[in-house]
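Note sheet for the following structure.
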Amino acid sequence: MKKNIALLPGDGIGKEVTKEAVKILQAIATRFNHKFTFTEALIGAAAIDSVGDPFPPESGKLCRSSDAILLGAVGDPRFDQRHPSGMSPEQGLLRMRKELGLYANIRPVKSYPGLYNRSPLKAQVLAGANLVIFRELTGGLYFGEKKRSADSASDLCLYTREEIIRIAIPAFEAAMQRRKKLTLVDKANVLETSRLWREVVREISGNFPGVEVDYLYVDNAAMQLIQNPRQFDVILTENMFGDILSDEASVLTGSLGMLPSASIGNKVSLYEPVHGSWPEAAGRNIANPIGAILSTAMMLEYSFQLPLESAWIHRAVEEAIQAEALTLDLNPSGGRSTTATGDFISNFLLHENLHSV
Ligand code: IPM
Ligand code: MG
């Protein structure tokens, strides 16, 4: 199989973790006789610095003409206070999601037995936790009209029926392939948008009689997620709640550095680790590359229909956990570098007998 991948390393540790992710895709290409070609483009602060635009048209063009996109991270403290240019690295990411129509953000979270002791939660709470968050990605507060005067500010939260339907359906379909449970997380006791979400999800659930549907208020969900995570299978939620709950859910894995994601729309899909650019760690070769590496496993599965290759990446990551070939966030006493962790996973893929995953 031949595929063209757009590579957008972005800012901070984005460059280092995508380098390891590419290494893993190359190892897969070698072992399974595929050809993956990578073309780099700019996004985030790196793009503002070189061309004065956080998501330049050339980057958009490359993404649209590629088979999949691999992104590192965006963000740079130089732009934390309103920059004189009015630009921010995050605008690049948000514009990219909107322009490419990436409305469904899929964030799987599972606990690994070898990492139970890295989480502040008890092993008995973590055991067997395995869920996926379907976060709406191009609507809600993030994209509603923004107003600002000297003494007041507002962000509009707007959702249409259509925007809810197009993410709810793949979430139900995912539930059908998993443990057949879907939890809609909202704030329907207060927000009108949440009441619309409930109405639409209730209607759609009629077409998926095999899926058990639960409705939870977001405050309650935030507590349940770390009190009894095993109850969750598919969590469906709007943009802002999904952003917050996915960082919280990362505690189940032991590190935010473990979480991958896929952002899917009607055309090309985007794969990126959930973590940010961690500017303090940039260039120090200490960032955990596993979130980026597992994002490539999602790419192989969702964009290229290569489930076996994807399963091998998961297997290789499990080997790294077992061997404690892990970065500082998961192995404080003997943390390996970003590159050494990537090398371990890549070497496993290059040398393991690939008969049964
Ligand atoms: C994420 C990030 C982004 C978001 C930021 C960087 C704009 O936190 O992908 O979760 O809020 O969506
Ligand atoms: Mg976030």
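The values are calculated or read from the model by the stated rules, or taken from the named source; none is laboratory data. Remember, it's a predicted structure, so these values are computed and weren't measured experimentally. Cβ: placed from backbone, ideal geometry, glycine included. Neighbour counts: every protein chain shown. Heavy atoms of the whole protein, side chains included, go into the accessibility calculation; ligands, DNA and RNA do not. Shrake-Rupley method; radii C 1.70, N 1.55, O 1.52, S 1.80 Å.
Which loop-located trypsin sites (Lys or Arg not before Pro) does region 217-287 contain, where loop means any DSSP state but H, G, I, E or B and the Cβ has at most 16 other Cβ atoms within 10 Å?
267, 284
I'd like the antiparallel share, as a percent to the nearest 5, of DSSP beta bridges with both residues in the chain.
40
Please give me, ordered by residue number, the trypsin sites (Lys or Arg not before Pro) of region 85-154 that lie in loop per DSSP and have at most 11 other Cβ atoms within 10 Å.
122
For the chain, what does the relative contact order come out to in percent, with C-alpha contacts under 8 Å and a separation of six or more?
In percent, rounded to a whole number, it is 22.
Over 27 Å, how big is the tail of the calculated P(r) for the chain, in percent of all Cα pairs?
47
Using the Cα atoms as the points, what is the convex hull volume per residue of region 120-252 in Å³?
Normalising the Cα hull of region 120-252 by residue number yields 110 Å³.
Which pairs break 23 Å Cα to Cα here: 122/180; 110/180; 98/146; 2/98?
122/180; 2/98
In Å², what does the accessible area per residue of the chain work out to with a 1.4 Å probe?
Accessible area per residue: 43 Å².
Below 8 Å between Cα atoms, with a sequence gap of 6+, how large is the relative contact order for region 94-215 in percent?
Taking the mean separation of contacting Cα pairs over the length of region 94-215, I get 19 percent.
Amide H neighbours of residue 53 under 5 Å, counting only residues 5+ apart in sequence or on other chains, H built in-plane at 1.01 Å?
48
Within 10 Å of each candidate Cβ there may be at most 15 other Cβ atoms; applying that plus a DSSP loop requirement, which GluC sites (Glu not before Pro) in region 293-357 survive?
324, 352
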